[in-house]
1. Among the residues of the stretch 80-91, what is the count of those that are touching a helix residue (DSSP H, G or I) at 6+ places or on another chain (Cβ under 6 Å) and closer than 23 Å to His9 by Cα?
2. All but one of (1) assigned to a loop (DSSP other than H, G, I, E, B); (2) within 14 Å of the chain's Cα centre (by Cα) hold for Val84, so report the exception by its number.
3. If you take the residues of the stretch 59-78 that are part of a helix (DSSP H, G or I) and charged (D, E, K, R), which of them is surrounded by the most Cβ atoms within 10 Å (Cβ to Cβ)?
4. For the stretch 79-95, what are the residues that are in contact (Cβ under 8 Å) with a residue 60 or more places away in the chain and crowded, with 22+ Cβ neighbours inside 10 Å?
5. When you go through Thr38, Thr56 one by one, which is the residue that is surrounded by fewer than 20 Cβ atoms within 10 Å (Cβ to Cβ), of a type in the set (Ser, Thr, Tyr) and touching a strand residue (DSSP E or B) at 6+ places or on another chain (Cβ under 8 Å)?
6. Could you count how many residues in the stretch 99-119 are more than 19 Å from Gly49 (Cβ to Cβ) and among the charged types (D, E, K, R)?
Amino acid sequence: MKILVVDDHVLIRQAMRGVLKKLKRDAVVIDAADNEQTMAALAAHPDMGLVLLDLTLPDRDGFAVLAELRERYPALPVVVLSAVQDRINVRKALDLGALGFIPKSAQSNVILNALRLVMSGGIYIPPEILRDETPMAPTHEAAARAQSSPASTGLTGRQIDVLALMMQGKNNKTICRMLDLAEPTVKNHVTAILKALKVSSRTEAVVAVNNLGWKLPPP
């Protein structure tokens, strides 16, 4: 498995090499210090399996890099590894299609568990962000939430398919291709999903589904 680590600090890249070897013993770790090197590495290695992306790069805004990666390589998992970890930046990164947001201050076992979650098809959100985004529900509401299901909220089968792909970090264009739907149709489904979950963004939808404990079938 090839993993691209994008960070302008050489010490971070070296530290991540040791961590990633624990994730995959046969991992081939490739370095990039900026946007230009990132795009060159991806062009040279079309079989790249994972990208760890810092948001602070010397030659381009990290969010712009993330958006381009999700557009050009929709099947390639991208996880943000950043020292900037406030709620707004976490939400923005996830809304742009990152499959996880890992603080650089996280311990190696946290990083490994987060990456294992992503590689198994999940999305990693820092626990402190989950706590900030969704306060704990009162006890009498918790039972009702636990008994809910996607269908109980009024979502159709197709909308549940779209939601399952949203949980994998897929953007609208990718969902269109995977489900053979027109983009306006997907946008309508996403709007209906957000309304059913009583949230205003894709990130909040991910948080809500995680808290509800729904197990979505693969589309």
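1. Going through the stretch 80-91 one residue at a time, the tally reaches 2.
2. The failed condition is (2).
3. Only one residue tops the list, namely Arg70.
4. Leu81, Val90, Leu94
5. Going through Thr38, Thr56 in turn, the sole match is Thr56.
6. 1
Every residue, every condition in (1) crowded, with 19+ Cβ neighbours inside 10 Å; (2) part of a helix (DSSP H, G or I); (3) out of contact with any Phe, Trp or Tyr (no Cβ under 8 Å at 6 or more places or on another chain), yes or no:
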site: Ser149; (1), (2), (3): no, no, no
site: Ile160; (1), (2), (3): yes, yes, yes
site: Met178; (1), (2), (3): no, yes, yes
site: Val186; (1), (2), (3): yes, yes, yes
site: Ile193; (1), (2), (3): yes, yes, yes
site: Asn211; (1), (2), (3): no, yes, yes
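Here, each number is a calculation from the coordinates, and none is a lab measurement. Since we're looking at a predicted model, the values are computed, not measured. Using ideal geometry, Cβ is built from the backbone for each residue, glycine included, and neighbour counts are taken over all protein chains shown.
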